[in-house]
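Submitted below is the structure of interest, expressed as structure tokens.
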Amino acid sequence: MSSTRRVVIFVLIAYAFSWLFWVPDALIAQNLWDAPSFIRNLLAGPFNLGPWGPLFAALVTTAVFGGWAGVKSLLKRGLKVRLGKWWWWALLTFPVLIGGDHSATGPAVRALAAPGPLCVLQIDAHLDATDEVMGSRDTSSSPMRRAAEIPTVTRILQVGIRGARTSQATYREARARGNLVLTPDALRAHQGWATLLNALDACGRCYVTLDMDAFDPAFAPGVSSPEPGGFDYPEVRRLLREVAARTTVVGFDVMETNPLVDGSGATAYLAAVAALELLGAIFP
């Protein structure tokens with residue numbers, strides 16, 4: 001479903017466990033520039049033989065950069081306040097969060113759900129529905145729990161879930177809330193895609209969050225919690241194209257590229273391509 005063209009705001013989020021006080025600021029500051037490096041390079045004028053080749057010739061694009069002090073403020077105050085209360089800002093722009101710590105997804109969803117009903121498509125290996133970690137309720141393990149607490153979030157579609165890190169209790173809670181939960185095998189099985197596409201058709205406005213561990217580690221090794229049995233790129237590309245065609249995507253993020261374990265840069269590059277793929281599908 002084509003969206004009205006708006007200014008695209010790229011917010012680059014550092015990769016760090018923001019709730020751990022002992023992570024050195026210098027390390028986080030370096031990660032701010034490391035994780036989205038391929039995004040910055042591609043912003044200079046991407047060309048591809050796919051649908052997003054001429055994308056930025058037709059879009060007004062703004063990249064938002066800053067030192068770690070500014071990002072810390074954005075995460076702890078600005079993102080939660082500006083995107084949490086100033087929802088009109090999110091309506092006037094098209095926010096794309098790149099990184100980075102998945103804890104930023106919760107505030108983004110809160111902002112974009114403020115004006116009315118919103119679905120969330122989560123492409124991820126994990127449910128990310130832990131209530132709190134070490135006393136913090138805004139961690140990379142909690143964005144879907146926070147999203148589920150927002151009254152105007154009508155449904156959460158969780159695709160790619162797998163692995164031994166998901167507890168049975170958390171899975172049951174997600175299903176009890178009405179979430180659609182599909183493992184990669186379930187999506188690939190007979191009627192798997194049909195089930196998902198029917199759910200997307202009923203969504204209307206939608207926020208998309210892509211955790212890079214949704215990919216199989218063979219394609220995206222640079223993540224902190226890799227799980228075997230994940231998606232390949234054509235499968236994720238189809239997911240992105242289907243959500244763009246069947247819903248009104250109001251913003252998205254591509255998260256959890258960890259530069260500390262992405263020595264080749266393959267995961268960061270894949271994250272950049274996925275972001276551009278979705279932008280190209282949203283703004284054809």
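The values are calculated or read from the model by the stated rules, or taken from the named source; none is laboratory data. As the structure is a computational prediction, the values presented were derived from the model and not from experiment. Note: ideal-geometry Cβ built from the backbone for every residue, glycine included; neighbour counts use all protein chains shown.
Consider only pairs whose beta carbons are under 8 Å apart and that are at least six residues apart or on different chains; among these, list those whose first residue lies in region 256-280 and is among the aromatic types (Phe, Trp, Tyr) and whose second residue is in a helix (DSSP H, G or I).
Listed pairs, sorted by first residue: TYR269/PHE38.
Search region 95-107 for residues that are of a type in the set (Asp, Glu) and pair each with any residue that is modelled with pLDDT of 80 or more and part of a loop (DSSP other than H, G, I, E, B) when their beta-carbon atoms are under 8 Å apart and the residues are at least 6 apart or on different chains.
The qualifying pairs are ASP101/GLU256.
Could you list all residues from region 231-260 that are among the β-branched types (Val, Ile, Thr) and not in a loop (DSSP other than H, G, I, E, B)?
Selection gives VAL236, VAL243, THR248, VAL249, VAL250, VAL254.
Look through ALA174, ALA169 and report the one residue that is buried (at least 16 other Cβ atoms within 10 Å of the Cβ), of a type in the set (Gly, Ala, Ser) and on the phi < 0 side of the Ramachandran plot. Working first, answer last.
Working: ALA169 fails: buried (at least 16 other Cβ atoms within 10 Å of the Cβ).
Result: ALA174 is the single residue among ALA174, ALA169 that is buried (at least 16 other Cβ atoms within 10 Å of the Cβ), of a type in the set (Gly, Ala, Ser) and on the phi < 0 side of the Ramachandran plot.
Working only within region 198-207, note down all residues that are touching a residue at least 24 places away in the same chain (Cβ under 8 Å) and either of a type in the set (Ser, Thr, Tyr) or over 22 Å from LEU112 (Cβ atoms) (or both).
Of everything in region 198-207, just one residue is touching a residue at least 24 places away in the same chain (Cβ under 8 Å) and either of a type in the set (Ser, Thr, Tyr) or over 22 Å from LEU112 (Cβ atoms) (or both), namely TYR207.
Residues to consider are GLY204, GLY160, GLY229; find the one that is on the phi > 0 side of the Ramachandran plot and out of contact with any Asp or Glu (no Cβ under 9 Å at 6 or more places or on another chain).
The unique qualifying residue is GLY204.
Can you tell me which of (1) surrounded by fewer than 24 Cβ atoms within 10 Å (Cβ to Cβ); (2) at pLDDT 95 or above; (3) not charged (D, E, K, R) is the one ALA274 doesn't meet?
With (1) surrounded by fewer than 24 Cβ atoms within 10 Å (Cβ to Cβ); (2) at pLDDT 95 or above; (3) not charged (D, E, K, R) applied to ALA274, the lone miss is (2).
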